[in-house]
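What follows is calculated from the coordinates using simple rules that are stated; it is not laboratory data. Keep in mind the model is a prediction, meaning the values are calculated, not measured. Backbone-built Cβ (ideal geometry, glycine too); neighbour counts: all protein chains shown.
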Amino acid sequence: MTLKEIAEQAGVSISTVSRVLNMKYSNAASKETKERIWEIVRKTGYVPNVHARSLKMGADQSESLEEPKSLLCVYARSSTSSENPFFSAIATSIEYEAYRHNCLIKYTFLGYDLSHPQITKQITDIKADGVIMLGRYDEKLLYSFLKNYKNVVYTGLNKIHTKYDQVICDGYEAACIAVDYLYNIGHRKIAYIGETKNETRFLGYTGTLKRLNLQSDQKNVVTIKQSSEGGYEGAQRLINNSDDFSAVFCANDVTAIGALRAFKESGINIPGDVSIISVDDIEMAQYASPMLTTIHIPTDELGKYATKVLLDRIANGDHMPLKVELPFYIVKRESCDKPSEKRK
């Protein structure tokens with residue numbers, strides 16, 4: 001497979017393929033074209049001609065002749081690889097970084113796949129140099145899979161307490177910042193929509209309410225799957241069960257976007273009647289109406305550093321498990337305001 005052949009399959013020029021794969025320009029192509037190019041790269045196992053590149057740059061030829069490393073990528077919480085743009089963004093960054101280091105993402109699997117013993121058996125027979133886990137996972141479910149690989153790195157928002165390397169952004173602290181922000185602009189009745197079992201953002205929500213001496217009303221906690229459909233359903237349930245809240249903390253942006261729609265359809269103005277804040281800062285957050293106030297998580301850096309840590313583990317062997325923690329920050333947009341008089 002050559003750049004020319006990739007270009008022909010993707011229906012674009014060779015220079016466009018080159019710019020996309022080398023990340024020279026953020027606007028090298030549309031999102032759909034980029035995804036089409038990377039899909040071809042995944043299917044064909046294309047890696048750059050590092051020997052030619054090293055000759056051009058004057059690098060050591062012996063290093064360039066190494067066989068490309070192969071990596072597995074597992075969406076631990078997903079039933080489809082595209083259902084959460086947060087993890088899709090991390091995975092794209094992983095692909096970019098792997099490509100830059102003469103590696104290829106050999107296979108991508110879903111947490112859903114690992115719940116089927118027959119599929120798990122097939123997966124464990126696959127040979128790869130390392131595994132990157134995206135998102136919170138069930139340790140028992142993944143044990144039989146991960147025991148076959150000594151080079152594993154986890155990336156996401158939940159800290160893990162295992163022997164694996166981890167590159168994280170602390171979801172607990174991100175939730176604390178979100179709730180603190182609502183409190184600081186005057187909200188005292190703050191609801192929650194999202195998952196609650198083993199979810200650090202929910203623990204951050206409840207922990208912050210307790211620290212601020214705010215009442216935690218069970219009617220204002222709605223447990224749903226963290227998706228746009230879940231957010232829509234969660235907001236509807238919240239509206240039907242309670243009107244004693246002035247703000248809502250959603251566990252992630254896709255949940256918040258679904259909730260926004262449900263509130264609008266019920267005639268509830270955002271942020272005039274109810275404020276909404278969430279976590280992730282996916283691209284859609286700035287195009288929602290109103291634009292979503294959220295906690296920015298550096299997805300590009302999560303993917304990049306997870307790949308670098310894994311490749312270091314592969315190259316240098318055993319060492320103490322690493323934990324790399326990346327910073328986050330709040331992005332203030334239009335979905336939050338001080339509470340209305342009737343909801344104080």
Among the stretch 177-206, those whose backbone N falls under 12 Å of a label point 7 Å along Cα→Cβ from residue 266 are 191-193
In whole Å, largest first, the alpha carbons of the stretch 129-258 cover along the principal axes 52, 29, 21
From the cross-link list 189/304; 4/106; 304/338; 31/147, the entries with a Cα-Cα span beyond 27 Å are 189/304; 304/338; 31/147
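Please work out the ratio of the alpha-carbon Rg of the stretch 198-247 to 2.2 N^0.38 Å and round it to two decimals.
On the way: Rg = 11.6 Å, N = 50, 2.2 N^0.38 = 9.7 Å.
Dividing the Cα radius of gyration by 2.2 N^0.38 Å gives 1.20.
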Straight-line reach check, residue 159, cutoff 12 Å on alpha carbons, 8 or more apart in-chain or any other chain, hits among aspartates and glutamates -> 170, 173, 199, 325
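Between residue 286 and residue 318, what length in nm is gained on full extension when 0.36 nm per residue of separation is reduced by their alpha carbon distance?
Value of the extension gain: 7.3 nm.
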Bridge orientation stat for the stretch 237-344 from DSSP, antiparallel percent rounded to 5, came to 30
Answer in debye to the nearest 20: the dipole magnitude of the stretch 207-287 about its Cα centre, from +1 Lys/Arg and -1 Asp/Glu charges placed on Cβ, is 260
